[in-house]
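Inspection log for the structure reproduced underneath, given as structure tokens.
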Amino acid sequence: MPDFAKIRARAAKRKGGDAVLTSLLGPAPDNAAVADITDDRILSTMAERVFAAGFVWRVIEQKWPGFEEAFLHFEPKRLLFQPDDFWHDLTADQRIVRNPQKIKSVRDNAAFVERVSKEHGGFGKFLAEWPDDDQVGLMAYLGKHGSRLGGNTGQYFLRWLQWDAFVISADMVAALRDAGLDIAESPTSKRDLDRIQAQINKWAQETGLPRRHISRILAMSIGENHSPQSLREYMGDD
């Protein structure tokens, strides 16, 4: 595998210099701070990422105040007390995107958040205590026990909470394969995910960079060369 400095240099050249590249990496994540996130904000972020999956993100963001009202500000205990009629009525509620399966996922994830919170003193605390070098294990846990939190949805959920998460995008995978990592074009097997985790961990140790930044540098080092402005508009403040 090449030195990560070479990959970073290639990404910097494509974006107009290292200063521009650095400005596109976003703030350094703080896993410890995730412990202070309340369960309602955890569930809200889960739901936002679930509804955004396969949809135009900006539309979901614009409608989100309506989601907050419709879903009782995502307070797990309040939601779990609601009768079936409450959930049925949401499928006709114009304040939200009326997808029955995704609406059901909020109910299921309210129970998931409440259960984990009781066991760990808060869902945020559970996430903060998870080893930062085992994102793949955390993704597997979310995918198994949560609703519709597998794949990239779970990865973006962690990133939106400012947990130090990499996102296995097509460009990131292309960069890893270009660097010589033996993984599939669409890596979903445990073997491939473990190899990605191990390589990201190695570069994190060597460079001192957050895994989130390594992920973004990889993605910006290859593929279509989007302008810095378009990337800022796409990434927002995540």
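Descriptive notes on the structure:
- GLY151 crowded, with 18+ Cβ neighbours inside 10 Å and assigned by TED's automatic domain parsing to the domain that holds GLU75: no
- Subset of the range 98-149 [among the small types (Gly, Ala, Ser) and in a loop (DSSP other than H, G, I, E, B)]: GLY121, GLY122, GLY146, SER147
- Some residue of the range 161-168 being under 20 Å from VAL20 (Cβ atoms) and either out of contact with any Pro (no Cβ under 8 Å at 6 or more places or on another chain) or acidic (Asp, Glu) (or both): no
- Output for the range 6-38, where each listed residue is outside any loop (DSSP other than H, G, I, E, B), under 14 Å from ILE217 (Cβ atoms) and in contact (Cβ under 8 Å) with a residue 12 or more places away in the chain: ILE7, ARG8, ARG10, ALA11, ARG14, LYS15, VAL20, LEU21, SER23
- In the set (1) part of a loop (DSSP other than H, G, I, E, B); (2) touching a residue at least 40 places away in the same chain (Cβ under 8 Å), ARG95 fails one condition alone, (2).
- Annotation note: of PHE112, PHE51, the sole residue that is within 30 Å of ASP194 (Cα to Cα) and more than 16 Å from the chain's Cα centre (by Cα) is PHE112.
- Residues being of a type in the set (Asp, Glu) and closer than 30 Å to ALA19 by Cβ are entirely absent from the range 193-202.
- Contacts under 7 angstrom Cβ, first residue in the range 193-209 being aromatic (Phe, Trp, Tyr), partner buried (at least 17 other Cβ atoms within 10 Å of the Cβ), 6 or more apart: TRP203/PHE4; TRP203/ILE214
- Top-ranked residue of the range 158-184 - restricted to ones that are part of a loop (DSSP other than H, G, I, E, B) and either among the β-branched types (Val, Ile, Thr) or without any contact (Cβ under 8 Å) to a residue 40 or more places away in the chain (or both), ranked as nearest to ALA32 (Cα to Cα): VAL167
- Condition check for PHE166 on (1) touching a helix residue (DSSP H, G or I) at 6+ places or on another chain (Cβ under 6 Å); (2) among the hydrophobic types (A, V, I, L, M, F, W, C); (3) surrounded by fewer than 19 Cβ atoms within 10 Å (Cβ to Cβ): one failure, at (3).
- Within the range 185-238, the set of residues being surrounded by fewer than 16 Cβ atoms within 10 Å (Cβ to Cβ), modelled with pLDDT of 95 or more and not in a helix (DSSP H, G or I) comprises GLU185, SER186, THR188, SER189, GLY208.
- Qualifying residue in the range 67-84 (condition: surrounded by 12 or more Cβ atoms within 10 Å (Cβ to Cβ), among the small types (Gly, Ala, Ser) and more than 27 Å from SER227 (Cα to Cα)): yes
- Residue within the range 122-144 that is in contact (Cβ under 8 Å) with a residue 60 or more places away in the chain, within 27 Å of ILE7 (Cα to Cα) and crowded, with 18+ Cβ neighbours inside 10 Å present: yes
- Of residues in the range 31-66 being of a type in the set (Phe, Trp, Tyr) and closer than 24 Å to PHE86 by Cα, the one surrounded by the fewest Cβ atoms within 10 Å (Cβ to Cβ): TRP64
The values are calculated or read from the model by the stated rules, or taken from the named source; none is laboratory data. This is a predicted model, so every value here is computed, not measured. Every residue, glycine among them, receives a Cβ derived from its backbone with ideal geometry; neighbour counts consider all protein chains shown.
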